Amino acid sequence: MIGPVDVVTFDFWNTLVVAQTQGTRERRRSSLLAVLIEHGYDEISEETLDGVFDQTVRAFNEAWRSNRQFTARDAAEHVVGSLPRDLSTQARLALIEAFVEAGSGVDVQLAPNVAATLATLDDAGVRLGIICDVGMTPSTVLRSYLERHGVLRHFDHWSFSDEVGVYKPDPLIFRHALEGLGEVDPSRAAHVGDLRRTDVRGAKSMGMTAVRYRGVQDDAGDDAHEIEADHVLDDHAELPSVLGL
């Protein structure tokens with residue numbers, strides 16, 4: 001148990017929402033193939049698109065780890081620019097829009113027990129925020145997921161990387177969150193996330209209490225050697241008691 005907190009911030013993917021990588025890829029593939037066929041480029045196959053998607057994921061991951069912005073539109077332009085055909089301007093623009101918007105129709109799920117936990121924290125007067133490294137789905141779409149599940153109303157402020165301009169663990173995005181939540185002292189704030197390199201390191205460097213949530217995935221990969229959180233939880237239902245509520 002930690003001392004009382006005024007603010008709790010949450011990571012997005014695999015903390016608030018379960019990542020649906022395959023579903024998003026399938027929707028993007030279908031959307032882009034439809035555009036290509038419409039504009040007369042039906043020789044570009046699903047396999048070709050999948051190869052280009054893989055290249056774009058690698059480009060995003062390299063930029064993410066280097067803290068260089070790679071937004072959803074950047075990803076879309078990378079995909080279109082990597083296709084093995086010279087495309088018309090009209091086709092390029094249609095493909096970019098189709099790629100960016102494809103994520104909006106994906107049926108995502110909240111992490112187990114997170115809705116009830118958010119309600120408990122909100123009812124206790126804790127101010128809630130989001131600190132999210134945005135990948136290839138823009139923050140406008142990510143917020144729509146939370147709205148669709150009825151939990152966006154619990155949040156007082158959000159800090160998405162495609163709007164702030166940096167990724168975690170950069171202190172700028174954490175400061176953006178704390179300032180937006182009322183100039184709170186970091187010692188009276190906690191951050192909940194699933195990744196050691198971004199969430200835990202960023203929170204602890206700010207003087208916030210770091211909580212690593214592993215109920216969806218356990219960060220045991222290449223970054224498992226990173227600094228550990230102050231608390232590690234398997235269930236969001238444990239969070240209020242850890243926070244002393």
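Observations on the model:
- Residue list for the stretch 109-142, restricted to those being in contact (Cβ under 8 Å) with a residue 40 or more places away in the chain, more than 12 Å from the chain's Cα centre (by Cα) and in a loop (DSSP other than H, G, I, E, B): Ala111, Pro112, Asn113, Ala124, Val126
- Identity of the residue in the stretch 96-108, in a helix (DSSP H, G or I) and open to solvent by 60 Å² or more (accessible area, probe 1.4 Å), that ends up farthest from Glu43 (Cα to Cα): Glu101
- The set of residues in the stretch 143-169 that are part of a helix (DSSP H, G or I) and either closer than 18 Å to Asp194 by Cβ or among the charged types (D, E, K, R) (or both) comprises Arg143, Tyr145, Leu146, Glu147, Arg148, Arg153, Ser161, Asp162, Glu163.
- Hey, Asp156 modelled with pLDDT of 95 or more, touching a strand residue (DSSP E or B) at 6+ places or on another chain (Cβ under 9 Å) and crowded, with 20+ Cβ neighbours inside 10 Å or not: no
- Some residue of the stretch 159-173 being surrounded by fewer than 19 Cβ atoms within 10 Å (Cβ to Cβ) and closer than 18 Å to Thr15 by Cα: no
- Here Gly202 does not qualify as at pLDDT 95 or above, among the small types (Gly, Ala, Ser), open to solvent by 10 Å² or more (accessible area, probe 1.4 Å) and within 30 Å of Ala76 (Cα to Cα).
A quick yes/no check of all residues on (1) at pLDDT 95 or above; (2) in contact with a helix residue (DSSP H, G or I) (Cβ under 8 Å, 6 or more places away or on another chain); (3) not hydroxyl-bearing (Ser, Thr, Tyr):
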{"site": "Asn14", "(1), (2), (3)": "yes, no, yes"}
{"site": "Val18", "(1), (2), (3)": "no, no, yes"}
{"site": "Thr21", "(1), (2), (3)": "no, no, no"}
{"site": "Glu26", "(1), (2), (3)": "no, no, yes"}
{"site": "Arg29", "(1), (2), (3)": "no, yes, yes"}
{"site": "Glu38", "(1), (2), (3)": "no, yes, yes"}
{"site": "Glu43", "(1), (2), (3)": "no, no, yes"}
{"site": "Glu47", "(1), (2), (3)": "no, no, yes"}
{"site": "Asp50", "(1), (2), (3)": "no, yes, yes"}
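- Test result for Leu93, open to solvent by 40 Å² or more (accessible area, probe 1.4 Å) and of a type outside the set (Phe, Trp, Tyr): yes
- Enumeration of residues in the stretch 7-35 that are charged (D, E, K, R) and not in a helix (DSSP H, G or I): Asp11
- Among the residues of the stretch 112-128, the ones that are more than 10 Å from Val151 (Cα to Cα) and touching a Leu at 6+ places or on another chain (Cβ under 8 Å) come to 8 in all.
- Residue selected from the stretch 1-49 under the condition closer than 24 Å to Gly244 by Cα and charged (D, E, K, R), by the criterion surrounded by the fewest Cβ atoms within 10 Å (Cβ to Cβ): Asp6
- Breaking point among (1) farther than 17 Å from Ala189 by Cβ; (2) buried (at least 18 other Cβ atoms within 10 Å of the Cβ); (3) of a type in the set (Ser, Thr, Tyr), for Ser144: (2)
- Of all residues in the stretch 71-85, none satisfies being at pLDDT below 95, under 20 Å from Phe160 (Cβ atoms), open to solvent by 40 Å² or more (accessible area, probe 1.4 Å) and among the small types (Gly, Ala, Ser).
- Counting only strands (runs of 3 or more DSSP E) that sit wholly inside the stretch 185-243, those with at least 1 residues that are of a type outside the set (Ser, Thr, Tyr), in contact with a His (Cβ under 7 Å, 6 or more places away or on another chain) and closer than 13 Å to Asp11 by Cβ are 209-213.
The values are calculated or read from the model by the stated rules, or taken from the named source; none is laboratory data. Worth saying up front: this structure is predicted, and the values here are computed from it rather than measured. Note that each Cβ is placed from the backbone with ideal geometry, even for glycine, and that neighbours are counted across all protein chains shown. All accessible areas refer to the heavy atoms of the entire protein, side chains included, with ligands and DNA or RNA removed. Shrake-Rupley method; radii C 1.70, N 1.55, O 1.52, S 1.80 Å.
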